[in-house]
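Below you'll find the structure, written out as structure tokens, and then a few comments.
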């Protein structure tokens with residue numbers, strides 16, 4: 001089993017100005033499969049590329065707090081996965097493999113041969129598939145709020161039942177309650193409201209199809225094929241995936257280590273962005 005580190009306090013002191021932290025470059029990439037992906041880019045174009053994959057039913061904004069803290073030495077991209085945010089919303093194909101193929105096509109569109117991949121929740125399972133299906137395109141792997149599988153998870157199964165009854169337009173109260181269930185403590189109300197608004201951009205059919213695919217996810221028998229250096233990040237108050245699930249990941253992935261974030265929920269990248277970004281930089285330098 002890999003190394004386990006418990007994270008309690010922040011010691012990072014950024015010298016980046018507030019203005020620099022707020023600067024994001026938006027773009028649209030036309031992929032070879034016909035999908036249009038909206039993305040945000042920042043940092044040094046000659047720096048090591050890092051791609052951030054959001055969870056369900058989020059958008060690139062899920063990683064906005066982390067991107068603000070991340071060193072500008074990296075070439076960071078945060079994308080809107082198909083169906084979400086400002087990206088294309090095809091009628092079908094919302095499996096983790098479909099998302100992974102989009103990411104590869106996106107990397108091709110940016111002439112990036114290999115990138116470190118950071119995935120949160122649903123994005124973490126897409127990241128797993130990237131490492132399993134396209135190992136040569138992945139440098140390092142970071143899994144936030146993840147597990148060895150989703151199939152059989154009672155929380156996700158109950159959420160799916162509720163989501164399958166949705167219709168357009170998505171009720172804002174439902175979306176807010178859904179998002180609040182992934183955090184332990186209150187975050188900035190302005191940021192939280194922006195997350196809710198982003199989730200409302202996805203139509204009901206995407207909410208249903210993507211969660212149905214996620215609920216059936218199980219490629220745990222392929223975890224041993226992930227040979228990349230892997231950081232597993234987990235909050236002690238994660239309501240979706242237990243500590244035991246993190247231990248399973250550590251046992252299955254040969255080069256994995258675990259950072260435990262005290263008093264954080266499932267979305268620790270929202271709650272403890274400064275701490276996580278510090279740890280991410282340390283990991284990427286290994």
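The values are calculated or read from the model by the stated rules, or taken from the named source; none is laboratory data. As the structure is a prediction and not an experimental result, all values here were calculated from the model. Cβ sites come from the backbone with ideal geometry, for glycine too, and all protein chains shown count toward neighbours.
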Worksheet, complete the sentence: A careful count of residues in the stretch 196-214 that are surrounded by fewer than 20 Cβ atoms within 10 Å (Cβ to Cβ) and closer than 19 Å to residue 152 by Cβ gives 1
Worksheet item: Just wondering, is there one or more residues in the stretch 272-283 that are in contact with a helix residue (DSSP H, G or I) (Cβ under 6 Å, 6 or more places away or on another chain) and either modelled with pLDDT under 95 or surrounded by fewer than 18 Cβ atoms within 10 Å (Cβ to Cβ) (or both)?
Response: yes
Worksheet item: Can you find even one residue in the stretch 144-158 that is buried (at least 24 other Cβ atoms within 10 Å of the Cβ) and assigned to a strand (DSSP E or B)?
Response: yes
Response to the item:
(1) in contact (Cβ under 8 Å) with a residue 40 or more places away in the chain; (2) in a helix (DSSP H, G or I); (3) within 30 Å of residue 262 (Cα to Cα) all hold for residue 130 apart from (1)
Worksheet entry | Filtered residues of the stretch 246-271 (kept if assigned to a helix (DSSP H, G or I) and surrounded by fewer than 24 Cβ atoms within 10 Å (Cβ to Cβ)) | 247, 248, 250, 251, 252, 271
Item to complete: Determine which member of the set 119, 47 is closer than 21 Å to residue 198 by Cα and either touching a strand residue (DSSP E or B) at 6+ places or on another chain (Cβ under 6 Å) or surrounded by 24 or more Cβ atoms within 10 Å (Cβ to Cβ) (or both).
Response: 119
Practice prompt. For the stretch 177-199, name all the residues that are in contact with a helix residue (DSSP H, G or I) (Cβ under 6 Å, 6 or more places away or on another chain) and either within 19 Å of residue 160 (Cβ to Cβ) or free of Cβ contacts under 8 Å to residues at least 12 places away in the same chain (or both).
Written response: 179, 199
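For every residue, the table says whether it meets (1) in contact with a strand residue (DSSP E or B) (Cβ under 7 Å, 6 or more places away or on another chain); (2) over 20 Å from residue 117 (Cβ atoms); (3) in contact (Cβ under 8 Å) with a residue 60 or more places away in the chain.
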| residue | (1), (2), (3) |
| --- | --- |
| 215 | no, yes, yes |
| 233 | yes, no, yes |
| 262 | yes, yes, yes |
| 270 | no, no, yes |
Discussion item. Suppose the filter is under 16 Å from residue 269 (Cβ atoms), touching a strand residue (DSSP E or B) at 6+ places or on another chain (Cβ under 6 Å), buried (at least 21 other Cβ atoms within 10 Å of the Cβ) and touching a residue at least 40 places away in the same chain (Cβ under 8 Å); does residue 77 pass it?
Written reply: no
